[in-house]
Amino acid sequence: MHEVYCIYTMAFYSLEPNVNTLHGAFSREIAPTLTIDPGDTVRFTTLDAGWNLEPRRSTRHEDHPRKFAPRPLGQETGHALTGPIAIRGAEPGMTLGIHIGRVRPGAWGYTAVGGWPHEVNDRLGVAAEGTYLLWTLDPDMMQGCNQYGQCVALRPFFGVMGMPPAEPGLHSTVPPRPTGGNLDCKELVAGSTLYLPIAVPGGLFSAGDGHARQGDGEVSVTAVECPMEAVDLTFTLHPDMYLSMPRAYTPAGWITFGLHEDLHEAALLALEGMVDLIGALHGMERHQALGMASVLVDLRVTQLVNEVKGVHALLPHGVL
């Protein structure tokens, strides 16, 4: 169920994970669970990516916590996503802006390490046997500690925020796409705005895969995977912003994304987007924008592990 409150002229909704809102794929054929107007805010509560209803208490891969059931047919292996949300007036060719307000993680999390075939696990020799870091999270102090007494400051964000592509059918939640999805970008914290090109009428936005903390690359294939207690997202439409890849304005700076199976090509796509952005923001021609990017922009590996790899180019605030 969802509730609605009026805040001035905009509306505020809450969306909880349940049989009507949970799904494990992107598809233009999944009916929206909620339809909102541009400017409205939705508070998301989400399960962790693995559909767990309780903390993991064992480091053995074969020991599973209680999980949400039943899952939608054909979507059992996808991330547990909440949505989809339709935005009135959203049409293909427009850009959806998602402003991230309050972000409050749940009270527990885990990091899976090894235990299944994957290029990272195979390379590092941990595919045959795996384990977990089990995290207790304090969302008030924004700190997490694992079973070994190692504590880290939390920096929570959604790993998955996105919309379906134009093609019909069910689409895996694992690889990120131009319309977003499993971006796993640690910079998309509170105060950020993510911009995504819209491919289907209404947009059909979904979110999930809470991360309490992650490093660039997400190198063990997981972050601190956690449920999210409350994440406030405000949606806007930008008919005159034409994007072919995601873009974001974050507390760290402007970000452009590159997504491709080949990491080098992903880096070039991120760079190309940043050169275009610098030119548009500062009135520079291409040669000058590329030169300034070489001086000021950082290329970072967003994630290595989601089939389609991600690189983001970061232009820090105030350097230009």
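The values are calculated or read from the model by the stated rules, or taken from the named source; none is laboratory data. All figures in this text were calculated on a predicted structure; none of them were measured in a lab. Glycine also receives a Cβ, built like all others from the backbone with ideal geometry; neighbour counts cover every protein chain displayed. The accessibility values were calculated without ligands, DNA or RNA, using every heavy atom of the protein model including side chains. Shrake-Rupley method; radii C 1.70, N 1.55, O 1.52, S 1.80 Å.
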### Query
Is it the case that some residue within the range 91-109 is more than 24 Å from residue 24 (Cα to Cα), outside any loop (DSSP other than H, G, I, E, B) and modelled with pLDDT of 95 or more?
yes
#### Entry: Residue that is most open to solvent (accessible area, probe 1.4 Å) [pool: residues in the range 250-260 that are touching a strand residue (DSSP E or B) at 6+ places or on another chain (Cβ under 7 Å) and closer than 15 Å to residue 184 by Cα]
260
### Message
For the structure I just gave you, tell me whether residue 30 is assigned to a loop (DSSP other than H, G, I, E, B) and among the hydrophobic types (A, V, I, L, M, F, W, C).
### Response
yes
### Task
Give the number of residues within the range 114-134 that are exposed (fewer than 13 other Cβ atoms within 10 Å of the Cβ) and within 23 Å of residue 55 (Cα to Cα).
1
## Note on the structure
Considering residues that are over 16 Å from residue 203 (Cβ atoms) and over 8 Å from the mean Cα position of the chain (by Cα), the number found within the range 169-186 is 8
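Which one of 59, 136, 131 is more than 15 Å from residue 209 (Cβ to Cβ) and in contact with a Cys (Cβ under 6 Å, 6 or more places away or on another chain)? It would help to see each step written out before you state the result.
Details: 59 fails: in contact with a Cys (Cβ under 6 Å, 6 or more places away or on another chain); 131 fails: in contact with a Cys (Cβ under 6 Å, 6 or more places away or on another chain).
When all the criteria are applied, what remains is 136.
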### Query
Can residue 76 be described as open to solvent by 20 Å² or more (accessible area, probe 1.4 Å), without any contact (Cβ under 8 Å) to a residue 40 or more places away in the chain and either more than 19 Å from residue 144 (Cα to Cα) or part of a strand (DSSP E or B) (or both)?
no
### Message
Need the failing condition index for residue 193 against (1) open to solvent by 40 Å² or more (accessible area, probe 1.4 Å); (2) out of contact with any Pro (no Cβ under 9 Å at 6 or more places or on another chain), just the number.
### Response
(1)
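Can you pull out the residues in the range 23-41 that are of a type outside the set (Gly, Ala, Ser) and either open to solvent by 50 Å² or more (accessible area, probe 1.4 Å) or within 16 Å of the chain's Cα centre (by Cα) (or both)? Even if it seems obvious, please write down each step before you answer.
First, pick out the residues of the range 23-41 that are of a type outside the set (Gly, Ala, Ser): 23, 26, 28-30, 32-38, 40-41.
Passing the criteria: 23, 26, 28, 29, 32, 35, 37, 38.
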### Query
Would a scan of the range 157-167 turn up a residue that is under 23 Å from residue 215 (Cβ atoms) and surrounded by fewer than 24 Cβ atoms within 10 Å (Cβ to Cβ)?
no
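Residue-by-condition table, conditions (1) under 21 Å from the mean Cα position of the chain (by Cα); (2) open to solvent by 30 Å² or more (accessible area, probe 1.4 Å); (3) closer than 26 Å to residue 198 by Cβ:
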site: 94; (1), (2), (3): yes, yes, yes
site: 100; (1), (2), (3): yes, no, yes
site: 110; (1), (2), (3): yes, no, no
site: 151; (1), (2), (3): no, yes, no
site: 154; (1), (2), (3): yes, no, no
### Message
Looking for something out of contact with any Leu (no Cβ under 9 Å at 6 or more places or on another chain) and free of Cβ contacts under 8 Å to residues at least 60 places away in the same chain - is there at least one such residue anywhere in the range 37-49?
### Response
yes
### Summary
Selection from the range 261-290 of residues open to solvent by less than 20 Å² (accessible area, probe 1.4 Å) and free of Cβ contacts under 8 Å to residues at least 24 places away in the same chain yields 275, 279, 289
